[in-house]
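A quick write-up on the structure given underneath.
The values are calculated or read from the model by the stated rules, or taken from the named source; none is laboratory data. Just so it is clear, the model here is predicted, and its values are computed rather than measured. Ideal geometry is used to build each Cβ from the backbone, glycine not excepted, and the neighbour counts take in all protein chains shown.
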């Protein structure tokens with residue numbers, strides 16, 4: 001199911017951030033900003049980058 | 001290594017700390033690949049309600065790659081990609097023995113009772129790790145946990161026909177709408193004060209946006225009673241609005257974390273046979289919440 005839903009799940013991501021950005025992301029989310037569903041903290045670089 | 005640690009309410013710091021050493025027996029060390037920020041992370045940051053140790057590396061929606069295993073670990077191996085079960089269950093109480101680990105008598109959560117995924121590396125009990133397909137996008141893998149929470153909420157609803165309403169288009173509500181859009185043969189309705197977010201969920205899921213008032217619901221349901229809903233806002237005001245638009249005999253799965261108390265006339269529940277069902281975390285829906293179309297064919 002995770003594979004099947006990959007497209008829509010990625011479409012629903014709000015932002016991809018790094019560890020340093022987490023405190024600011026908390027403040028942003030608590031302020032109700034952001035039109036997506038999920039902020040992802042990404043630590044592994046995508047293949048090929 | 002770098003980690004985002006909660007020191008107390010409102011006190012989250014990104015710090016350089018010592019990386020975890022070799023894992024103890026039964027534990028596993030991971031390189032964290034991705035982690036999601038959850039509404040409950042924000043709730044704990046704001047209120048400190050679930051702080052049981054400090055500082056604690058936050059983050060319970062995580063996926064990673066195994067880099068070391070402790071003695072006796074046979075379920076995962078170095079190089080495996082895994083997702084974490086966020087529920088830190090005891091495995092010994094009556095609820096755990098009955099496979100209701102989400103209702104464990106001493107339930108805690110990763111990121112609170114032990115360090116979580118907002119770090120370059122973390123260590124977790126092997127019993128909380130599930131191997132995933134190595135080709136799965138890490139952003140998708142990081143959403144396995146909230147997807148399981150959403151699926152559990154959807155599965156709490158009784159079989160019904162007609163329409164299902166999801167109130168709140170945050171992570172869990174939006175994912176519930178997504179799951180319903182794939183498995184429910186009737187209409188999926190969504191409501192959220194954040195119109196842009198609601199429209200984004202509608203665009204991805206095909207759900208119909210509605211206002212939480214009787215007229216709008218009547219139009220959307222063609223005057224049929226609304227018999228099922230997922231409440232994913234955690235807002236008492238939104239729940240009160242929802243109760244006002246439900247049909248008699250309806251059931252609501254409550255999955256939002258509430259701020260404040262509900263003041264209702266219980267006779268309204270009695271006389272209209274309204275069911276309010278709590279939905280906490282997930283049961284057996286992680287890591288690959290597969291087969292929900294066969295588990296709940298009418299949804």
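Within region A:29-45, the residues that satisfy the criterion of being within 22 Å of residue B:119 (Cα to Cα) and either at the interface with chain B (Cβ under 8 Å from one of its Cβ atoms) or in contact (Cβ under 8 Å) with a residue 40 or more places away in the chain (or both) are A:29, A:30, A:37, A:38, A:39, A:40, A:41, A:42, A:43, A:44. When residue B:213 is tested against (1) surrounded by 17 or more Cβ atoms within 10 Å (Cβ to Cβ); (2) over 18 Å from the mean Cα position of the chain (by Cα), just one condition goes unmet, and that condition is (1).
Could you say whether any residue in region A:20-28 is at the interface with chain B (Cβ under 7 Å from one of its Cβ atoms), in contact with a helix residue (DSSP H, G or I) (Cβ under 8 Å, 6 or more places away or on another chain) and modelled with pLDDT under 95?
Kept after step one, since they are at the interface with chain B (Cβ under 7 Å from one of its Cβ atoms), are these residues of region A:20-28: A:20, A:22-23, A:25-26.
Restricting the remaining residues to those that are in contact with a helix residue (DSSP H, G or I) (Cβ under 8 Å, 6 or more places away or on another chain) gives A:26.
Narrowing further to those that are modelled with pLDDT under 95: none.
So far as region A:20-28 goes, no, none of its residues is at the interface with chain B (Cβ under 7 Å from one of its Cβ atoms), in contact with a helix residue (DSSP H, G or I) (Cβ under 8 Å, 6 or more places away or on another chain) and modelled with pLDDT under 95.
On inspection, residue B:140 qualifies as within 14 Å of chain A (Cβ to nearest Cβ), touching a helix residue (DSSP H, G or I) at 6+ places or on another chain (Cβ under 6 Å) and farther than 26 Å from residue B:251 by Cβ.
A count restricted to region B:57-82 and to residues that are away from chain A (no Cβ under 14 Å) and either in contact with a helix residue (DSSP H, G or I) (Cβ under 7 Å, 6 or more places away or on another chain) or crowded, with 21+ Cβ neighbours inside 10 Å (or both) stands at 4. Per this entry, residue B:234 is counted among residues that are out of contact with any strand residue (DSSP E or B) (no Cβ under 6 Å at 6 or more places or on another chain), more than 9 Å from every other protein chain (Cβ to nearest Cβ) and closer than 21 Å to residue B:156 by Cβ.
Of the residues in region B:100-107, not one is touching a helix residue (DSSP H, G or I) at 6+ places or on another chain (Cβ under 9 Å) and buried (at least 24 other Cβ atoms within 10 Å of the Cβ).
Scanning region B:23-44 for residues being in contact with a helix residue (DSSP H, G or I) (Cβ under 7 Å, 6 or more places away or on another chain) and either more than 17 Å from residue B:233 (Cβ to Cβ) or free of Cβ contacts under 8 Å to residues at least 60 places away in the same chain (or both) gives a total of 8.
Among the residues making up region B:170-197, those that are touching a strand residue (DSSP E or B) at 6+ places or on another chain (Cβ under 9 Å), within 14 Å of chain A (Cβ to nearest Cβ) and closer than 16 Å to residue B:160 by Cα are B:176, B:177, B:180, B:181, B:188. Across region B:198-231, the number of residues qualifying as closer than 15 Å to residue B:175 by Cβ, touching a strand residue (DSSP E or B) at 6+ places or on another chain (Cβ under 8 Å) and in a helix (DSSP H, G or I) comes to 4. Note on region B:232-253: residues that are surrounded by 22 or more Cβ atoms within 10 Å (Cβ to Cβ) and part of a strand (DSSP E or B) total 2.
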